[in-house]
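Notes follow once the structure below has been shown.
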Amino acid sequence: MPLTRENVKKALEGLRGHERRNFNQSVELIIKLKDLDLKKPENRLNESVLLPYPIGKPVKVCVIAGGDLALKSKEAKADLVIGREHLEELAKDKKASRRLQNEYDFFIAEASLMPLVGKTIGPTLGPRGKMPTPIRPDASMSEVIEQARRTVRIRVRDQPVIQCRVGCEAMTDDELAENIQAAFTTVEGKLERGLRNISAVLIKATMDSPVTITL
């Protein structure tokens, strides 16, 4: 059976039945995989998933652009906007480059600057799953940035498990359920044998033990 809304909500009831904490805990989705040869590049997932709802924490967005697109990005309240000169400086300052990569969750770059990104900060952003998303000069930056703040990355590397944040306790069950199903559906669709490559699905709050979602 697929991941039904009913079963997701039952698991959320179990999650909320744990001891209450004095802070708004994150909620993570855990998907355990099976029968996958992770030595094959096609089985090492690296996907961006646009969730229906924001995940309940600030997602810091860095835009790499120049000219009019840089101005539009500032007006759209990007957390940081940098241009060609800043990129070239980062190529010479590895500490500053690492700070930038640690501080910001999501990177967006004007398409014409992607070759320079690839030469400067790309080699370290790529392995972290933070390679910038290219955009056209006529992109609606308010929409692009809003979507970035609802996007999570799903990665499979050396271990057959996926773990990603899908929200927080302050969200409603319906909001969390929609985010969970969106992330799960993306993973299932990318796996070689779909649901048959999934051994278990769980959700977990920050300080609590995981709760299994029945498949």
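Each reported figure results from applying straightforward, stated rules to the coordinates on display, with no laboratory input. This one's a predicted model, so the numbers in the text were calculated from it and none came from an experiment. Backbone-built Cβ (ideal geometry, glycine too); neighbour counts: all protein chains shown.
Summary of values
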{"read-out": "Tail weight of P(r) past 20 Å, computed on alpha-carbon pairs of the stretch 119-215, percent", "value": "53 percent"}
{"read-out": "Tensor-based shape of the stretch 61-148 (alpha-carbon gyration tensor, a/c under 1.5 rounded, otherwise prolate or oblate)", "value": "prolate"}
{"read-out": "Prolate/oblate/rounded label for the stretch 53-102 (Cα gyration tensor, a/c 1.5)", "value": "oblate"}
{"read-out": "Percent of beta bridges antiparallel (DSSP, the chain, rounded to nearest 5)", "value": "70 percent"}
{"read-out": "Antiparallel content of DSSP bridges confined to the stretch 61-148, in %, to 5", "value": "0 percent"}
{"read-out": "Residue-span extension gain [Arg153 to Arg20] - 0.36 nm each, minus C-alpha spacing", "value": "45.1 nm"}
{"read-out": "Relative contact order of the stretch 75-215, pairs being alpha-carbon contacts under 8 Å that are 6 or more residues apart, as %", "value": "15 percent"}
{"read-out": "Over the chain: helical MRE at 222 nm, DSSP H runs n ≥ 4 each giving -39500 (n - 2.57), nearest 500", "value": "-10000 deg cm²/dmol"}
{"read-out": "Thr212-Asp68 FRET efficiency (beta carbon distance; Förster radius 35 Å; 0.05 resolution)", "value": "0.10"}
{"read-out": "The chain: DSSP helices with Cα axial extent of at least 20 Å and average Kyte-Doolittle hydropathy no lower than -1.0", "value": "173-190"}
{"read-out": "Chymotrypsin sites (Phe, Trp or Tyr not before Pro) restricted to DSSP loop in the stretch 67-112 with at most 14 other C-beta within 10 Å", "value": "none"}
{"read-out": "Label-to-label distance, nm, for residues given as Lys57 and Lys39 (7 Å Cα→Cβ offset)", "value": "3.5 nm"}
{"read-out": "Coarse-grained scattering of the chain at q = 0.08, 0.10 Å⁻¹, given as base-10 log I(q)/I(0) from a Debye sum over alpha-carbon atoms", "value": "-0.33, -0.51"}
